[in-house]
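Student: Mind having a look at this structure? Questions to follow.
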Amino acid sequence: MAIEPKPTKPFRITFTGADDQTSIQDMLALVKDYPMVEFGILFSPKRTGTARYPSLEWLEREVFPNADNLALAAHLCGGDSKEVLETGKSKHDFILSWYFDRVQLNTTAQDIDYRMVNDWAVSNFVFPILQCRGPFPDVKDVLWLYDVSGGEGITPDSWPEPLEHDICGYAGGLRKENILAVVNQVGLMSTNYWLDMESGVRDAQGNFSIDMCREICELVFDN
């Protein structure tokens with residue numbers, strides 16, 4: 001009898017959207033139990049201090065003093081992303097280099113200078129991430145996240161094959177009802193991937209929910 005292949009679990013799950021209403025103690029407790037958790041922190045010059053987009057004051061008071069015990073990814077949106085793509089620098093460079101492991105540039109721009117993005121990321125000691133909405137581009141200067149959702153909870157009809165011998169990410173409508181099916185599918189294609197969740201870990205009031213994050217971790221990593 002042939003042995004069915006076992007899907008690989010993601011090496012990391014990024015939970016995006018912690019904000020000023022999120023308990024840092026709950027974040028730390030989750031990471032203690034599941035060290036593979038990364039928190040995606042959204043930056044936007046127009047939305048800072050609103051739901052999903054934490055204030056700098058909250059980050060400085062709650063998150064940065066605990067950064068040694070957290071895996072953090074900055075997700076630069078709007079003008080913050082545009083600044084990097086147009087100038088090769090960010091007004092957040094100092095905090096990015098000190099407190100974050102990865103930086104994702106959320107953009108729909110097509111004419112991206114990948115080498116410039118890579119040089120900027122290297123100078124800040126972070127790994128750069130860009131999004132794609134089709135097959136993963138064969139560009140080595142950045143990491144790629146497949147995401148047709150943009151935080152809107154839209155699940156794609158299918159997931160693209162990963163690049164050979166490269167780390168790839170998958171996002172889009174992930175939630176507790178479909179997370180295991182996605183892991184079973186993607187985990188048979190890739191041995192080195194991460195998942196990113198945003199709308200799927202927000203409660204009925206639209207708040208970022210550590211309890212929902214924990215439920216996802218239990219489903220993925222405890223089975």
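Student: Using the crude model of +1 on Lys and Arg Cβ and -1 on Asp and Glu Cβ, and no other charge, please compute the dipole size for the chain relative to its Cα centre, in debye to 20.
Tutor: Dipole size: approximately 80 debye.
Student: Still on this model: Leaving ligands, DNA and RNA out of it, report the carbon-plus-sulfur percent of the accessible area of the stretch 1-128 at a 1.4 Å probe.
Tutor: Working: 3510 of 6790 Å².
For the stretch 1-128, the apolar C and S fraction of the accessible surface comes to 52 percent.
Student: Which one, Ile179, Ile112, Ile210, has the greatest fluctuation when you compute a Gaussian network model over the chain with C-alpha springs under 10 angstrom?
Tutor: Ile112
Student: Using +1 on the beta carbon of Lys and Arg, -1 on that of Asp and Glu, and nothing else charged, what's the dipole of the stretch 35-163 about the Cα centre, debye to 20? Intermediate values should be presented prior to the final figure.
Tutor: Numbers: 11 positive and 19 negative charges, 54 e Å.
Taking the Cα centre of the stretch 35-163 as origin, the dipole is about 260 debye.
Student: Related question: Remind me, relative contact order of the stretch 23-113 in percent, using alpha carbon pairs under 8 angstrom and six or more residues apart?
Tutor: Working: 102 pairs, mean separation 26.5, N = 91.
Contact order relative to length: 29 percent.
Student: Under a point spin-label approximation (7 Å from Cα along Cα-to-Cβ), what is the Thr87-Asn66 distance to one decimal in nm?
Tutor: Spacing of the two 7 Å Cα→Cβ label points: 3.2 nm.
Student: Want the number for Ile24 to Ser97: 0.36 nm per residue separation, take away the alpha-carbon distance, what's left?
Tutor: Numbers: separation 73, 0.36 × 73 = 26.28 nm, distance 2.09 nm.
So the chain would gain 24.2 nm between Ile24 and Ser97.
Student: Accessible area per residue for the chain in Å², computed with a 1.4 Å probe and the full protein assembly in place, what is it?
Tutor: Value returned for the chain: 50 Å² of accessible area per residue.
Student: Next question, about the same structure. With all protein chains present and a 1.4 Å probe, how do Glu38, Glu86, Glu4 order by accessible area, largest first?
Tutor: Result of the area sort, largest leading: Glu4, Glu86, Glu38.
Student: Right, something else. Rank Leu180, Pro137, Ser149 by how far each Cα sits towards the positive end of the charge dipole of the stretch 134-191 (+1 on Lys, Arg Cβ; -1 on Asp, Glu Cβ) and give me just the farthest.
Tutor: Looking along the dipole axis, the top candidate is Leu180.
Student: What is the Å³ per residue value for the convex hull set by the Cα atoms of the chain?
Tutor: So the per-residue hull volume is 125 Å³.
Student: Given the convex hull of the Cα atoms of the stretch 1-128, what is a quarter of its surface area in nm²?
Tutor: 10.5
The values are calculated or read from the model by the stated rules, or taken from the named source; none is laboratory data. Just so we're clear, the structure is a prediction, and the values are computed from it rather than from any experiment. Backbone-built Cβ (ideal geometry, glycine too); neighbour counts: all protein chains shown. Please note that ligands, DNA and RNA were not included when accessible areas were found on the heavy atoms of the full protein model with its side chains. Shrake-Rupley method; radii C 1.70, N 1.55, O 1.52, S 1.80 Å.
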